[in-house]
1. I'd like the Karplus ³J(HN,Hα) series for the range 16-31: coefficients 6.51, -1.76, 1.60, θ = phi - 60°, whole numbers in Hz, and an x wherever there's a Gly or Pro.
2. 5 Å is the cut-off here: which amide hydrogens, built 1.01 Å from N in the peptide plane, fall below it relative to VAL34, excluding neighbours closer than 5 in sequence?
3. List residues of the range 1-36, by number, whose backbone nitrogen lies under 12 Å from a label position 7 Å along Cα→C-beta of LEU52.
4. Can you put ARG57, ARG13 in order, fewest other beta carbons within 10 Å first?
5. Given the convex hull of the Cα atoms of the range 9-48, what is a quarter of its surface area in nm²?
6. What order do you get for ILE36, ILE54 when you list them from fewest to most C-beta neighbours inside 10 Å?
7. Along the Cα→Cβ direction, 7 angstrom out, place labels at HIS16 and THR39. What is the inter-label distance in nm?
Amino acid sequence: MLDTETGEFTEKRLMHEGNAVRDFYAALEGPVVVGIEATGAMQWFLELLEELGIECRLTTCVRHSLKTFSTSSVPSPTPHPNSA
């Protein structure tokens, strides 16, 4: 979390047990913006944020994105010196 007044950054891990997620987000004060990575199982979370009046911004997962390349750009393996 980023406190926009002090610039302080705080990290918190929430366990998805009981009402822990709802209670955490409901307790946040002031205007809140939540960033979330777009996933197939996020609908419940988007509905919760909307119910609590919290703005949500979606992003795609960058670190797991697939990169395509031509196999012609991949160097051929060097044969092992002991292979015959």
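1. 8, 10, x, 9, 4, 5, 4, 4, 4, 5, 5, 7, 5, 9, x, x
2. Placed amide hydrogens put GLU55, CYS56, ARG57 under 5 Å from VAL34.
3. 14-15, 19-30, 32-35
4. Values: ARG57 8, ARG13 4.
If I rank by nearby Cβ atoms, fewest first, I get ARG13, ARG57.
5. Working: hull surface 14.2 nm².
In nm², the orientation-averaged hull projection of the range 9-48 is 3.5.
6. Working: ILE36 13, ILE54 16.
So the residues, fewest neighbours to most, are ILE36, ILE54.
7. Roughly 0.6 nm, to one decimal.
Every number here is computed from the coordinates shown, using simple stated rules; none is lab data. This one's a predicted model, so the numbers in the text were calculated from it and none came from an experiment. Glycine also receives a Cβ, built like all others from the backbone with ideal geometry; neighbour counts cover every protein chain displayed.
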